[in-house]
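Chemist: Sharing a structure, written as structure tokens. Questions coming.
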Amino acid sequence: MTEILKNIVQYFNYFILLYFLAIGSIYILLSLLSFFNLKRYLNNQAFKDLKDVFKLKKYKSISLIVPAYNEEAGIYTSVLALLQLEYPEYKIIVVNDGSKDQTLDILKEKFNAIEVPYLPFGNIPTEKVNSVYICKNYKNLVIVDKKNGGKADAINVGINISDSDLIIVVDADSIIERDSLLKISYPFVENENVIAVGGTVRIANGCQINKGYVTSVELPKSWLAKFQVVEYIRAFMFGRNGFQIMDGILIISGAFSCFKRSELIKVNGFLKNCIGEDMEIIVRMHRQLRKENPQALISFIPDPVCWTEAPESKKILGLQRKRWQKGTIVSLLLHKQLFFNTHYGLLGMIVFPYFVLFEMLGPIIEAVGYLVFFVSLIFGMVSLNFALVLFSAAILYGIVLSLLSVIFEELTFRRYSRLSHLIELFIIAVLENFGYRQITLWYRFKGTLEYFLGDRKWGHMEKKGFSS
């Protein structure tokens, strides 16, 4: 019996080794794909002045939908910044989702709001709309007050009210680059088959913020936030950028995402009461819209278009990662028909299975793998040589990938322009693999267990906000 158990443990350790080698190899492949995609993108952008391009080509009208719940602290500054973006024709629709604080009163007072009749253009089912306001000082600003129904429901109200070509969903506390609308809408102008576009999101902690804009890019003081800077660079530089080559974008950041309004109407908007509505809508658009139009494309631009606040406490980080994990599981299970479905090409045969095996099940496999490995090491069931090989697969791959992502950032967008930034990012890229990575694994593992044990709660995310 003891010998059988020993063999089982050894085979499981070999399985974990193969698992780490597989995921590391996949990321190396994604990094190579990302390099060529970035090179192609930057070459295409080198001779473009987007302002001139939009003068020559028919631009798309845009509605920015800003769902707001208890945002009294920063809503005025956020909306004021959005009103100064560079774009020929856009409107802002702020949807107050039944806030319990003074969010609505601040908006009405600061922008001289006048109530008008509610005349929706769409008919996506939503909670009751209480009132709609236009503003004397800003003709392109609309304020909506509605019964609380969650973020997805608030977005759907905005979609119904909008009559624009494109919908951009913006978190109330996101910091948007002035030329973001020009950049993120261009793929729709360039290719009529594009139905959704995402862009790179960066960490704003530590940066200097003035009147709702990032005026100087700095690294955070908090080590927890520093680790997330490298993590975000890696995720967007390699993950989203690499999957773009395979037409396999499954996630667009909920902090800033752009959609063709007509396509959102076709899929009946965002799914209400869904933990990960930002991922679910993308997977659903792949599943439903590509049936009627196989050329339908969900795209990604590597330009940093949005800045967001990262958690600086382990408690809030844990809530965030558990929520992300639950959202991933929901999205994948709801659309499990894509799994190894040849109809969806590389998305169905490679990308979706990757997310199931490495994103949904990964935390369980890794956590159990670490536990079994350390127990077998303590009891002498694995050799030191095997331990070193497994360590290399689990840790060194991560270090190499993080260092590569920092190098790619330096060679392309160079938002962290000082030498001291680069040195610190290299140090962070190494250190994040010793502690931070294991902490986030634990939170993802807990999120997975909670989901399958029936805990589907969203969790309240507290944010400090930024001083301007």
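The values are calculated or read from the model by the stated rules, or taken from the named source; none is laboratory data. In this text, all values refer to a predicted model and were calculated from it rather than measured experimentally. Glycine gets a Cβ as well: all are built from the backbone with ideal geometry, and neighbour counts include every protein chain shown.
Chemist: Do we find a residue being crowded, with 20+ Cβ neighbours inside 10 Å, touching a strand residue (DSSP E or B) at 6+ places or on another chain (Cβ under 8 Å), of a type in the set (A, V, I, L, M, F, W, C) and under 24 Å from Thr448 (Cβ atoms) anywhere in segment 306-317?
Modeler: So far as segment 306-317 goes, yes, one or more of its residues are crowded, with 20+ Cβ neighbours inside 10 Å, touching a strand residue (DSSP E or B) at 6+ places or on another chain (Cβ under 8 Å), of a type in the set (A, V, I, L, M, F, W, C) and under 24 Å from Thr448 (Cβ atoms).
Chemist: Got a number for residues in segment 135-149 being under 31 Å from the mean Cα position of the chain (by Cα) and assigned to a strand (DSSP E or B)?
Modeler: The number of residues fulfilling the criteria is 6.
Chemist: Could you tell me whether Tyr87 is outside any strand (DSSP E or B), surrounded by fewer than 23 Cβ atoms within 10 Å (Cβ to Cβ) and touching a Lys or Arg at 6+ places or on another chain (Cβ under 9 Å)?
Modeler: Judged against the criteria, Tyr87 is not a match.
Chemist: Has segment 100-123 got any residue that is touching a Lys or Arg at 6+ places or on another chain (Cβ under 8 Å), under 16 Å from Ile65 (Cα atoms), modelled with pLDDT of 95 or more and not in a loop (DSSP other than H, G, I, E, B)?
Modeler: Within segment 100-123 (the criterion being touching a Lys or Arg at 6+ places or on another chain (Cβ under 8 Å), under 16 Å from Ile65 (Cα atoms), modelled with pLDDT of 95 or more and not in a loop (DSSP other than H, G, I, E, B)), the answer is no, since none of the residues qualifies.
Chemist: Now a separate question. Has segment 229-241 got any residue that is at pLDDT below 95, surrounded by fewer than 24 Cβ atoms within 10 Å (Cβ to Cβ) and either aliphatic (A, V, I, L, M) or over 14 Å from the mean Cα position of the chain (by Cα) (or both)?
Modeler: There is at least one residue in segment 229-241 that is at pLDDT below 95, surrounded by fewer than 24 Cβ atoms within 10 Å (Cβ to Cβ) and either aliphatic (A, V, I, L, M) or over 14 Å from the mean Cα position of the chain (by Cα) (or both).
Chemist: To continue, here is another question. Of everything in segment 248-263 that's of a type in the set (S, T, N, Q) and under 10 Å from the mean Cα position of the chain (by Cα), which residue is farthest from Ile62 (Cα to Cα)?
Modeler: Once the filter is applied, the top-ranked residue is Ser253.
Chemist: Looking at Ser383 and the list (1) more than 24 Å from Glu231 (Cα to Cα); (2) touching a residue at least 24 places away in the same chain (Cβ under 8 Å), which single condition is not satisfied?
Modeler: (2)
Chemist: Regarding Asn205, is this residue polar (S, T, N, Q), surrounded by 20 or more Cβ atoms within 10 Å (Cβ to Cβ) and assigned to a loop (DSSP other than H, G, I, E, B)?
Modeler: Considered against the rule, which asks whether it is polar (S, T, N, Q), surrounded by 20 or more Cβ atoms within 10 Å (Cβ to Cβ) and assigned to a loop (DSSP other than H, G, I, E, B), Asn205 comes out as yes.
Chemist: Considering each residue of segment 252-282, count those that are within 25 Å of Ser402 (Cα to Cα) and either of a type in the set (Asp, Glu) or free of Cβ contacts under 8 Å to residues at least 60 places away in the same chain (or both), and give that number.
Modeler: 3
Chemist: Only residues that are basic (Lys, Arg) and either over 20 Å from His286 (Cα atoms) or part of a strand (DSSP E or B) (or both): list them for segment 215-248, please.
Modeler: Those that are basic (Lys, Arg) and either over 20 Å from His286 (Cα atoms) or part of a strand (DSSP E or B) (or both): Lys221, Lys226, Arg234.
Chemist: Could you please let me know if Val157 is aliphatic (A, V, I, L, M) and crowded, with 18+ Cβ neighbours inside 10 Å?
Modeler: Yes, satisfied.
Chemist: Here's a follow-up. Residues that are in contact with a His (Cβ under 8 Å, 6 or more places away or on another chain) and under 27 Å from Ile65 (Cα atoms): which helices (runs of 4 or more DSSP H) entirely in segment 249-366 hold 1 or more of them?
Modeler: Because the criterion is at least 1 residues that are in contact with a His (Cβ under 8 Å, 6 or more places away or on another chain) and under 27 Å from Ile65 (Cα atoms), the helices (runs of 4 or more DSSP H) in segment 249-366 that meet it are 277-292, 314-334.
Chemist: Oh, and also: Within segment 328-340, does at least one residue satisfy the condition of being crowded, with 20+ Cβ neighbours inside 10 Å, among the polar types (S, T, N, Q) and farther than 11 Å from Arg287 by Cα?
Modeler: Yes, segment 328-340 has at least one match.
Chemist: Continuing with this model, one more query. Name the single residue that is surrounded by the most Cβ atoms within 10 Å (Cβ to Cβ) among those in segment 444-455 being more than 20 Å from the chain's Cα centre (by Cα) and closer than 18 Å to Glu359 by Cβ. Full working, then the answer.
Modeler: Pass one, segment 444-455, residues more than 20 Å from the chain's Cα centre (by Cα): 446, 449-455.
Then drop every residue that is not closer than 18 Å to Glu359 by Cβ, which leaves 446, 449-452.
Values: Lys446: 17, Leu449: 15, Glu450: 16, Tyr451: 21, Phe452: 11.
So, considering only residues that are more than 20 Å from the chain's Cα centre (by Cα) and closer than 18 Å to Glu359 by Cβ, the one surrounded by the most Cβ atoms within 10 Å (Cβ to Cβ) is Tyr451.
Chemist: So for segment 96-117 (the condition being within 23 Å of the chain's Cα centre (by Cα) and in contact (Cβ under 8 Å) with a residue 60 or more places away in the chain), does at least one residue qualify?
Modeler: no
Chemist: Is it true that Ile184 is within 25 Å of Val144 (Cβ to Cβ) and either part of a helix (DSSP H, G or I) or in contact (Cβ under 8 Å) with a residue 24 or more places away in the chain (or both)?
Modeler: Judged against the criteria, Ile184 is a match.
Chemist: Could you figure out which of (1) part of a helix (DSSP H, G or I); (2) over 21 Å from the mean Cα position of the chain (by Cα) isn't true of Leu441?
Modeler: (2)
Chemist: Within segment 349-402, take every residue that is surrounded by 17 or more Cβ atoms within 10 Å (Cβ to Cβ) and of a type in the set (S, T, N, Q) and give me the one that is farthest from Gly24 (Cα to Cα).
Modeler: Ser376
Chemist: Still on this structure, I have one more. In this structure, does Phe36 turn out to be buried (at least 19 other Cβ atoms within 10 Å of the Cβ), at pLDDT below 90 and either in a loop (DSSP other than H, G, I, E, B) or not basic (Lys, Arg) (or both)? Lay out the reasoning, then the answer.
Modeler: Values: buried (at least 19 other Cβ atoms within 10 Å of the Cβ): no; at pLDDT below 90: yes; either in a loop (DSSP other than H, G, I, E, B) or not basic (Lys, Arg) (or both): yes.
When the stated conditions are applied, Phe36 does not pass them.
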